[in-house]
Amino acid sequence: MGFPQTRMRRLRQTEPMRSLVRETSLDPGDLIYPLFLCPGEGVRKPVSSMPGVFNLSVDEALREAAEAASLGLGGLLLFGLPESKDGEGTGAWDENGIVQQGLRALKESASAKKLVLIADVCLCEYTSHGHCGVVVENDNGFSVENDPTLELLARAAVSLAQAGADVVAPSDMMDGRIGAIRKALDEENLADTPILSYASKFASAFYGPFREAADSAPQFGDRRTYQMDGANLREAMREIDLDLDEGADMILMKPAMPYLDVIAAARRRVGVPIGAYQVSGEYSMLQAAIEKGWLDRDRAILESLVSIRRAGADFIATYFAKDAAKLLGA
């Protein structure tokens with residue numbers, strides 16, 4: 001029946017009533033906090049395009065982990081800035097690489113034991129050219145070679161898992177990478193290490209600030225031959241199916257807010273855990289409007305995250321993780 005018998009506002013009268021009938025929940029345990037690890041000691045270098053985000057030495061990362069654990073966050077997503085780079089990105093699988101050092105230190109920390117440690121698996125932070133794979137010159141200038149890259153990604157995943165990563169998360173978008181990583185992990189007696197695949201990672205304008213934070217901008221060309229075209233939803237579903245067939249345990253959507261329809265479509269399609277990454281550009285865009293006074297800070301942070309959960313994400317990687325946890329606990 002319609003109005004006046006049906007009055008939808010009856011269930012909106014008070015905060016306790018709204019809370020009782022709320023369909024989508026957001027909890028600190030749903031949030032993953034990204035950290036950028038760099039060499040040195042006592043380093044806390046601000047990222048100019050991402051207010052409140054820093055490049056951190058391992059000792060500073062331990063402090064961040066302790067706070068994250070105290071706030072009840074679900075985990076950390078670790079990226080690395082190596083001391084040096086080369087054409088193959090050998091720092092990605094260096095036993096003494098910066099993320100490997102960080103993982104070992106975090107594993108010894110009592111507070112970090114409460115967190116899931118997720119290690120990003122890619123080469124772009126470690127290559128001198130900034131691409132996510134092996135680059136060769138050709139008649140068209142250059143190409144990022146798919147199959148030779150798979151072995152390097154697999155080596156990186158094994159190294160990170162051996163250093164203590166609870167989850168490895170390949171973000172490169174090379175074809176066949178999940179199968180190569182799963183095979184390598186299993187052969188090294190790491191069969192229990194889950195793979196969180198960036199299954200549909202789009203070539204997006206919203207990654208710009210991250211490339212400052214991770215010093216990973218391509219030195220030439222772009223990444224559109226391997227990251228997805230933002231216009232293609234059906235292709236994203238094919239990517240998801242292929243990654244799950246190859247052995248992915250969980251999938252991640254990236255970016256989040258401009259691609260809520262992709263998250264929702266994936267949620268309807270598969271039963272595995274789904275994450276979403278509220279990427280650097282989303283964060284910086286909101287921060288800029290907040291600093292200008294154009295948006296209410298607390299409401300904008302929580303509303304943006306609830307929208308991602310409502311679309312179907314089970315967990316969210318976000319630079320707002322600590323801020324959101326404090327608001328949720330208030």
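The values are calculated or read from the model by the stated rules, or taken from the named source; none is laboratory data. Worth saying up front: this structure is predicted, and the values here are computed from it rather than measured. Cβ: placed from backbone, ideal geometry, glycine included. Neighbour counts: every protein chain shown. The accessibility values were calculated without ligands, DNA or RNA, using every heavy atom of the protein model including side chains. Shrake-Rupley method; radii C 1.70, N 1.55, O 1.52, S 1.80 Å.
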- prompt: Which residue out of LEU286, LEU260, LEU295 is hydrophobic (A, V, I, L, M, F, W, C) and not in a helix (DSSP H, G or I)?
  reply: LEU295
message: Could you go through the stretch 119-142 and let me know if any residue there is farther than 16 Å from TYR226 by Cα, at pLDDT 90 or above, open to solvent by 30 Å² or more (accessible area, probe 1.4 Å) and not basic (Lys, Arg).
response: no
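Return the only residue of LYS85, LYS114 being among the basic types (Lys, Arg), over 18 Å from the mean Cα position of the chain (by Cα) and crowded, with 18+ Cβ neighbours inside 10 Å. Talk me through it step by step, then tell me what you get.
Values: LYS114 fails: crowded, with 18+ Cβ neighbours inside 10 Å.
Unique residue meeting the criteria: LYS85.
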- request: Select from the stretch 194-215 the residues that are open to solvent by 40 Å² or more (accessible area, probe 1.4 Å) and in a loop (DSSP other than H, G, I, E, B) and list them in ascending order.
  value: ASP215
- request: Return yes or no: is ARG12 at pLDDT 95 or above, of a type in the set (D, E, K, R), open to solvent by 70 Å² or more (accessible area, probe 1.4 Å) and within 30 Å of ASP314 (Cα to Cα)?
  value: yes
- request: With the condition kept exactly as written, say whether any residue in the stretch 66-86 is farther than 27 Å from ILE316 by Cβ, at pLDDT below 95 and touching a Ser or Thr at 6+ places or on another chain (Cβ under 8 Å).
  value: yes
- prompt: Within the stretch 298-326, restricting attention to residues that are assigned to a helix (DSSP H, G or I) and in contact with a Lys or Arg (Cβ under 9 Å, 6 or more places away or on another chain), which residue is nearest to MET253 (Cα to Cα)?
  reply: ALA311
- request: Any chance you could count how many residues in the stretch 236-256 are open to solvent by 70 Å² or more (accessible area, probe 1.4 Å) and closer than 20 Å to ALA311 by Cα?
  value: 1
query: What tally of residues in the stretch 43-82 results from selecting those that are open to solvent by less than 50 Å² (accessible area, probe 1.4 Å) and either aromatic (Phe, Trp, Tyr) or in a helix (DSSP H, G or I) (or both)?
result: 10
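Go through ARG310, ARG297, ARG268 for me and flag whichever is in contact (Cβ under 8 Å) with a residue 60 or more places away in the chain, open to solvent by 10 Å² or more (accessible area, probe 1.4 Å) and out of contact with any Leu (no Cβ under 7 Å at 6 or more places or on another chain).
Details: ARG297 fails: in contact (Cβ under 8 Å) with a residue 60 or more places away in the chain; ARG268 fails: in contact (Cβ under 8 Å) with a residue 60 or more places away in the chain.
Among ARG310, ARG297, ARG268, only ARG310 is in contact (Cβ under 8 Å) with a residue 60 or more places away in the chain, open to solvent by 10 Å² or more (accessible area, probe 1.4 Å) and out of contact with any Leu (no Cβ under 7 Å at 6 or more places or on another chain).
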task: Could you please let me know if THR90 is at pLDDT below 95 and among the β-branched types (Val, Ile, Thr)?
output: yes
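Residues of the stretch 88-110 being open to solvent by 30 Å² or more (accessible area, probe 1.4 Å) and of a type outside the set (Asp, Glu), which ones?
Initially, the stretch 88-110 is screened for residues open to solvent by 30 Å² or more (accessible area, probe 1.4 Å), giving 88, 90, 93-96, 101, 104, 107-108, 110.
Scanning the stretch 88-110 gives THR90, TRP93, ASN96, GLN101, ARG104, LYS107, ALA110.
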query: Does any residue of the stretch 175-198 turn out to be over 20 Å from THR149 (Cβ atoms), aromatic (Phe, Trp, Tyr) and under 13 Å from the mean Cα position of the chain (by Cα)?
result: no
task: Go through the stretch 148-164 and count every residue that is open to solvent by 30 Å² or more (accessible area, probe 1.4 Å) and touching a strand residue (DSSP E or B) at 6+ places or on another chain (Cβ under 9 Å).
output: 1
